[in-house]
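Q: Before I ask anything, here is the structure I am working with.
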Amino acid sequence: MRPTRSLRLIFACLGLALALLAGPARAQDIPGLIQSMGEASLRELGGIVEELAATGDSAVAPALEALAEGDLYVNEADGRVVIVTRNRMYDPVTQEEIGPAADADLSRIRINNSLRRDVAAAIGGLTLMSDNPSVRLSAARSMRANPSEENLALLDEALAAETDATVRGAMETAHAVTVLSLADTSIEDKRAAVPVVAQNAGREAITILNSALGSAPDALAADIRSAIAGLEQERAIWAALQNVWFGVSLGSVLLLAAIGLAITFGVMGVINMAHGEMVMLGAYTTFVVQDVIRRNAPELFDYSLAIALPLAFLITALIGIAIERGVIRWLYGRALETLLATWGLSLILQQTVRSIFGPTNRQVGNPSWMSGSFEFYGLAITWNRFWIVIFAIAVFAALLVVLNRTSLGLQMRAVTQNRRMASAMGIRTPFVDAMTFGLGSGIAGLAGVALSQIDNVSPNLGQGYIIDSFMVVVFGGVGNLWGTLVGALTLGVANKFLEPYAGAVLGKILILVLIILFIQRRPRGLFALKGRAVES
Amino acid sequence: MITQALLRALDKKAIWLVAILLALAVAVPAANLLIPAGQPGHVPTYIVTLFGKYLTYAMLALALDLVWGYCGILSLGHGAFFALGGYAMGMYLMRQIGTRGVYAHPTLPDFMVFLNWRELPWYWQGFDQFWFACLMIVLVPGLLAFVFGFFAFRSRVTGVYLSIITQAMTFALLLAFFRNDMGFGGNNGLTDFKDILGQPVQAATTRGALFAASAIALALSVLVCSMIVNSKLGKVMVAVRDAESRTRFLGYRVEYVKLFAFTVSAIMAGIAGALYVPQVGIINPGEFEPANSIEVVIWTAVGGRGTIVGPIIGAVLVNMGKSYFTGALPELWLFALGALFIFVTLFLPKGIVGLLGQWRDMTARREQAPAAPPPPAQAAVAAERGEDPATLGDVQPKPAE
């Protein structure tokens, strides 16, 4: 059974009960009034609706609802007014089935929009006394949307009897909104209504208050203005929080892209220009994994990222180690030349991917648990951004553990601080270098898997991030993961806060200029290494 | 004193180079204009323009060499100075179009009319005068380099940090020039030029003149660079490159030395850009791409940094290769360029010129003492012994960077 049908039944029972209570005089009017709608003109129809609403009897609700929905017909054969749903005719008052609609000659009772609003308000008033709390709630909400003088009394009446807190709140709000939007309510009432509206009316509160402000006397206007100011401040705070979230989200992406770079730069003093290409390779690994899954086992699609993560790490780490052993090893102590050689590598990697996968964007899908969004108080948060923030935190934590709790991490830190002393203590620095480069590249691969979820997977993917990543590393300083974290988050949030004022491009330019200026103050970044190691 | 410096500058190599360039400046346009097409010795106009472009690239590479090869500053943003000079020239050329544009507006360039601009922005004023444009070609890149360098060198931003922020500088300019609101034509840049100094830019005579101008400008740059590196200041620059701290402790103001080299180099790059634009007929924000600036570095490295002739050879050779590859095998060009980066840094740290020098030394030594084998490269030996090559840098004076 459809809910409207069950509602109608409830109304019918209610109507019966109320009719018994209210006395016979009214009950007799209702069928007659409804029947008179059959021949009424549009204007007369308005009067009849008002009269029906004035009965206060919920038995008229089904007929009014049908009228609003265009389900109220006149049977031309006997002139009787009927409700038609699903090809069956029903009596508008008793809801008894009369017969199939197919063979009857029916003509619809037409209404216009202004009448439809009246009808809706009338129904709201009637259903306000329903036994079902959700019906009462929706009635209160519809009254809030269509304030009219008649509702006030109804709402007062309903409020007196209401026990459910939620419904009560909605009714109070509707009452307050009505009080504010009517011209002839007293100033005291209106003054009392202002805070209620401000608190409960949500996003429309400012609109409602603003329209009330137009006609308000001076005494009230001050109240309304301060309420609006309060609301706007609140809205600004939420907007700021939303910006912070966007910034954190951007920052986490930057963190993922930059942290591998920071490790290799910190330990080896090597700027890896091919780092962006490692990110790109990670994204393409995701694409390949998803492609294989789509062809062979579509049911595994939701796990595609879980499969792609270790693969991407392994592939990029191995390529990283190969690069270190093959090229970078020969260039230690010549940082600027390493930069050029890795730039050459990045060109080759890009062109290789372009030759294999084509120059166009590749489609990487979101698993079901990463698509869509959710609301967190006033914040709209998309799931993919949310998971990327979580992922970035996880990668960061894992790296901290690796650096601080494993022997490789210990060796890496030792080499960062003093390469020759570490070497003298028996640490195989070439091995540490290779592992560090592999680790940094592997993390770039992981970043690629994450970025494939929010960015276009194309051979140029890495290029877009490389300069930002450099900025993060330069800003945060090397040899300290926390510097990278702070750098990435600061840049992300600053970027998002500048965007609304300066536009996306100008915001970015400002950030670059600010970093260039910042470097003047602290040439070694925010968290610089101290001591003699710095100069070497 | 200046004649002295000039005399010192004109060592044998520089004289040869300047002479060759000046000869080219006369011979190539002459071969294009005086020898009719089809006859042996005729140089087609497109070749004149192409090599004119290469000459401006060579000038840019030479400018980079002055800071990188002689002063140890690896700038990854020299393309920005080149492009700024180019934009200054482009603005002059735009103002020369006058009413011949699509919208036939007497003062506003087409793109401004298209964007509903009412009047010329203040920074476009004066560019209808050639002398003013020339002034700006020198001033704008020079001033940017001076301010940028002043702050960077004063706070001792060195090495890769400096490279990265120069890259950030050109990236920021790239983003800025892409914006339509900047008033430099946005994405499309400045193009559709008609006249330069009253001569149509497309005409063969103008092309020849531009080629000659590029060759002469390059010759002058060679002279200036040669003068600088052969002076006392040049010696200090090399000292800064090889041991910056030591030079500072000896009492030299390292930051001013660097600032001087950086600014002169930026001005040279700006002039190169200004000569480049009328020859290719367009300037757009793509010239600010960080990738372009890095490519300049590889021209210099291929030819041989720390020499005057090296960057010129490198720029011309690499760009000839580029023209050939992008025409014949476009897929392979990036592979070739990438491989070139790796090959040169690994096996040709001194470039082609260095290789020639090595080869000459070897033959000379063989004639003197055939028994002594040439010492193998230090890093390779160390790596074979299982030592950490990175530690080597501290033991010896650092290799040139």
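The values are calculated or read from the model by the stated rules, or taken from the named source; none is laboratory data. Source: prediction; values computed, not measured. Methodologically, a virtual Cβ is constructed for each residue, glycine included, from the backbone with ideal geometry; neighbour enumeration extends over all protein chains shown.
Q: For A:Glu277, indicate whether it is under 30 Å from A:Gly476 (Cβ atoms), assigned by TED's automatic domain parsing to the domain that holds A:Leu403 and acidic (Asp, Glu).
A: Against the criterion (under 30 Å from A:Gly476 (Cβ atoms), assigned by TED's automatic domain parsing to the domain that holds A:Leu403 and acidic (Asp, Glu)), A:Glu277 qualifies.
So that you can scan it fast, the table gives a plain yes or no per residue for (1) of a type in the set (Val, Ile, Thr); (2) more than 30 Å from A:Val478 (Cα to Cα); (3) assigned to a helix (DSSP H, G or I); (4) touching a strand residue (DSSP E or B) at 6+ places or on another chain (Cβ under 9 Å):
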{"site": "A:Ala222", "(1), (2), (3), (4)": "no, yes, yes, no"}
{"site": "A:Ile228", "(1), (2), (3), (4)": "yes, yes, yes, no"}
{"site": "A:Glu232", "(1), (2), (3), (4)": "no, yes, yes, no"}
{"site": "A:Arg235", "(1), (2), (3), (4)": "no, yes, yes, no"}
{"site": "A:Ala239", "(1), (2), (3), (4)": "no, yes, yes, no"}
{"site": "A:Gln242", "(1), (2), (3), (4)": "no, yes, yes, yes"}
{"site": "A:Ile259", "(1), (2), (3), (4)": "yes, no, yes, no"}
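Q: Go through segment A:423-519 and tell me which helices (runs of 4 or more DSSP H), entirely inside it, have 3 or more residues that are over 27 Å from A:Ala306 (Cα atoms) and outside the structural domain of A:Glu324 (by TED's automatic domain parsing).
A: Output list reads A:461-476, A:481-502.
Q: On to the next question. I need the full set of residues from segment A:78-91 which are in a loop (DSSP other than H, G, I, E, B) and modelled with pLDDT of 80 or more, in order please.
A: A:Asp91
Q: I want to confirm something. Restricting to segment B:145-192 and keeping residues that are more than 8 Å from chain A (Cβ to nearest Cβ) and aliphatic (A, V, I, L, M), which single residue is farthest from B:Glu119 (Cα to Cα)?
A: B:Leu162
Q: Let me ask another. For the structure I just gave you, tell me whether A:Thr285 is more than 14 Å from chain B (Cβ to nearest Cβ) and of a type in the set (Val, Ile, Thr).
A: yes
Q: Of A:Leu67, A:Leu42, which residue is within 29 Å of A:Thr178 (Cβ to Cβ) and surrounded by 13 or more Cβ atoms within 10 Å (Cβ to Cβ)?
A: Checking each option against the conditions leaves just A:Leu67.
Q: Please name all residue pairs, on different chains or six or more residues apart, with Cβ atoms under 9 Å, provided the first residue is in segment A:456-477 and is more than 18 Å from A:Met280 (Cβ to Cβ) and the second residue is part of a helix (DSSP H, G or I) and aromatic (Phe, Trp, Tyr).
A: Close Cβ pairs satisfying both conditions: A:Val473/A:Phe265; A:Val474/A:Phe518; A:Val474/B:Tyr161; A:Phe475/A:Phe518; A:Gly476/A:Trp482.
Q: Another one. A:Trp343 is checked against (1) under 30 Å from B:Leu162 (Cα atoms); (2) away from chain B (no Cβ under 14 Å); (3) among the aromatic types (Phe, Trp, Tyr) and fails just one. What number does that condition carry?
A: Of the numbered conditions (1) under 30 Å from B:Leu162 (Cα atoms); (2) away from chain B (no Cβ under 14 Å); (3) among the aromatic types (Phe, Trp, Tyr), the odd one out for A:Trp343 is (2).
Q: With respect to the numbered conditions (1) assigned to a loop (DSSP other than H, G, I, E, B); (2) free of Cβ contacts under 8 Å to residues at least 24 places away in the same chain, which one is the sole condition not fulfilled by A:Glu51?
A: Condition not satisfied by A:Glu51: (1).
Q: Considering only segment B:233-253, how many residues are under 23 Å from the mean Cα position of the chain (by Cα), buried (at least 17 other Cβ atoms within 10 Å of the Cβ) and free of Cβ contacts under 8 Å to residues at least 12 places away in the same chain?
A: 0
Q: While we're here: Within segment A:472-491, can you find the residues that are of a type in the set (Val, Ile, Thr) and away from every other protein chain (no Cβ under 14 Å)?
A: Once the filter is applied, which keeps residues that are of a type in the set (Val, Ile, Thr) and away from every other protein chain (no Cβ under 14 Å), segment A:472-491 yields A:Thr484, A:Val486, A:Thr490.
Q: Determine whether segment A:271-283 contains at least one residue that is in a loop (DSSP other than H, G, I, E, B), more than 37 Å from the chain's Cα centre (by Cα), within 28 Å of A:Met471 (Cβ to Cβ) and free of Cβ contacts under 8 Å to residues at least 60 places away in the same chain.
A: no
Q: Residue by residue through segment A:322-340, note down the ones that are of a type in the set (Gly, Ala, Ser) and within 8 Å of chain B (Cβ to nearest Cβ).
A: A:Gly333, A:Ala335
Residue by residue, here is whether (1) more than 25 Å from A:Val49 (Cα to Cα); (2) hydrophobic (A, V, I, L, M, F, W, C); (3) in a helix (DSSP H, G or I); (4) out of contact with any Asp or Glu (no Cβ under 6 Å at 6 or more places or on another chain) holds:
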position	(1), (2), (3), (4)
A:Ser130	no, no, no, yes
A:Val135	no, yes, yes, yes
A:Leu154	no, yes, yes, yes
A:Gly169	yes, no, yes, yes
A:Ala174	no, yes, yes, yes
A:Glu188	yes, no, yes, yes
A:Glu204	yes, no, yes, yes
A:Leu209	yes, yes, yes, yes
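Q: Another question, if that's okay. Look through A:Ala101, A:Ala139 and report the one residue that is in contact with a strand residue (DSSP E or B) (Cβ under 9 Å, 6 or more places away or on another chain) and not basic (Lys, Arg).
A: A:Ala101
Q: Please pick out the residue among B:Ile35, B:Ile47 that is part of a loop (DSSP other than H, G, I, E, B) and either hydrophobic (A, V, I, L, M, F, W, C) or surrounded by 15 or more Cβ atoms within 10 Å (Cβ to Cβ) (or both).
A: Unique residue meeting the criteria: B:Ile35.
Q: Do you know which residues across segment A:72-97 are touching a strand residue (DSSP E or B) at 6+ places or on another chain (Cβ under 7 Å) and surrounded by fewer than 16 Cβ atoms within 10 Å (Cβ to Cβ)?
A: Matches in segment A:72-97: A:Glu76, A:Asn87, A:Arg88, A:Glu96, A:Glu97.
Q: Of the residues that sit in segment A:346-383 and are more than 14 Å from every other protein chain (Cβ to nearest Cβ) and under 30 Å from B:Ala291 (Cα atoms), which one is farthest from the chain's Cα centre (by Cα)?
A: Checked segment A:346-383; the qualifying residue farthest from the chain's Cα centre (by Cα) is A:Thr360.
Q: Looking only at residues that are charged (D, E, K, R) and under 28 Å from the mean Cα position of the chain (by Cα) in segment A:138-181, which one is surrounded by the most Cβ atoms within 10 Å (Cβ to Cβ)?
A: Residue satisfying both the conditions and the ranking: A:Arg144.
Q: Here is a further query. Could you pull out the residue among A:Ser469, A:Ser458, A:Ser441 that is out of contact with any strand residue (DSSP E or B) (no Cβ under 8 Å at 6 or more places or on another chain) and either away from chain B (no Cβ under 14 Å) or at pLDDT 90 or above (or both)?
A: Answer to the check: A:Ser441.
Q: Give me the helices (runs of 4 or more DSSP H) completely within segment B:254-368, filtered to those with at least 2 residues that are away from chain A (no Cβ under 14 Å) and either free of Cβ contacts under 8 Å to residues at least 40 places away in the same chain or within 14 Å of the chain's Cα centre (by Cα) (or both), ordered by residue number.
A: So the answer is B:254-280, B:309-328, B:351-368.
Q: Check segment A:249-258 and report whether any residue there is modelled with pLDDT under 80, more than 25 Å from the chain's Cα centre (by Cα) and not β-branched (Val, Ile, Thr).
A: no
Q: In addition: Within segment A:440-458, can you find the residues that are over 18 Å from A:Ile388 (Cα atoms) and buried (at least 24 other Cβ atoms within 10 Å of the Cβ)?
A: The answer is A:Gly440, A:Ser441.
Q: Among the residues of segment B:202-215, is any within 14 Å of chain A (Cβ to nearest Cβ), in contact (Cβ under 8 Å) with a residue 12 or more places away in the chain and surrounded by 17 or more Cβ atoms within 10 Å (Cβ to Cβ)?
A: no
Q: While we're here: Test of understanding: among A:Thr338, A:Thr316, which residue is in a helix (DSSP H, G or I), under 14 Å from A:Gly448 (Cβ atoms) and assigned by TED's automatic domain parsing to the domain that holds A:Ile388?
A: Residue meeting the stated conditions: A:Thr316.
Q: Considering B:Arg100, B:Arg179, B:Arg118, B:Arg156, which residue is surrounded by fewer than 20 Cβ atoms within 10 Å (Cβ to Cβ), modelled with pLDDT under 90 and within 24 Å of B:Phe260 (Cα to Cα)?
A: B:Arg156
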